[in-house]
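All remarks here apply to the structure that follows.
None of the figures in this text is laboratory data; all of them are computed from the coordinates on show. From a predicted model like this one, the values you see are computed outputs, not experimental measurements. When we count neighbours, we look across all protein chains shown, and the Cβ atoms used for this are built from the backbone with ideal geometry, even at glycine.
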Amino acid sequence: MADTGEAELHAHYQLGKERDRLAQGGGLIEYLRTREIVLRDLPVPPSVVADIGGGPGRYALWLAELGYIVEHRDLIPLHVQQLAEQANDRIRTAVCDARDLDLADASVDAVLLLGPLYHLRRRADRISAIAEARRIVRPGGLVFAAAISRWAPRLDGILKHRIYLRYPEIGPLCDAVERTGELPAVTPGGFAGFEAP
Ligand SMILES: C[S@@+](CC[C@H](N)C(=O)[O-])C[C@H]1O[C@@H](n2cnc3c(N)ncnc32)[C@H](O)[C@@H]1O
């Protein structure tokens, strides 16, 4: 059977590092900029936003504070548990796969899909996740999707973090990622991602 990348996904997120990723440095910039972009086009509260692949729930908590009802779903039980510990009655959270959502057709006003696409190795799986987002959003509602460019390891890893000092093999790896769009985990529990063509 083809490797879907799911074992790598669990190994990475099981480390628990995602909880504070958006709190500082580049993660904080990503968080603030994403909020700006999303808020530009979200319908006004109290509409319903699905946060699919919502991680430990930083955006879900923010949206709930603004008065939205949030349907948060994530594949990793630890992330759902981390959000459940802080959630309020505006947030519903559950373990669920973006490719097979437990939400009804046209049941939400907008969808955040800021995680699953760059983790799904197979094109058919990425299409399933997009089709599911399309199915649950009401007619005219928006789906906000995040992807990671195949140039990210060179721009972020080499130029910014200079990880070649720790991993000299990163140069040839970047060449391969730029050719294929596939970034394998370079260390146990490392991040693996796939560019969605
Ligand atoms: C880098 S985190 C991003 C979390 C959050 N959306 C954000 O933007 O900060 C990627 C998230 O996508 C989730 N994810 C990956 N594939 C998924 C799938 N098929 N279904 C649901 N969640 C998935 C992971 O578990 C992880 O929590």
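Tabulated data for the structure shown
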quantity: Output for region 150-180, where each listed residue is charged (D, E, K, R) and under 13 Å from F191 (Cβ atoms); calculated: D156
quantity: Residue in region 112-128 that is more than 13 Å from the ligand (Cβ to nearest atom), among the β-branched types (V, I, T) and more than 22 Å from R21 (Cα to Cα) present; calculated: no
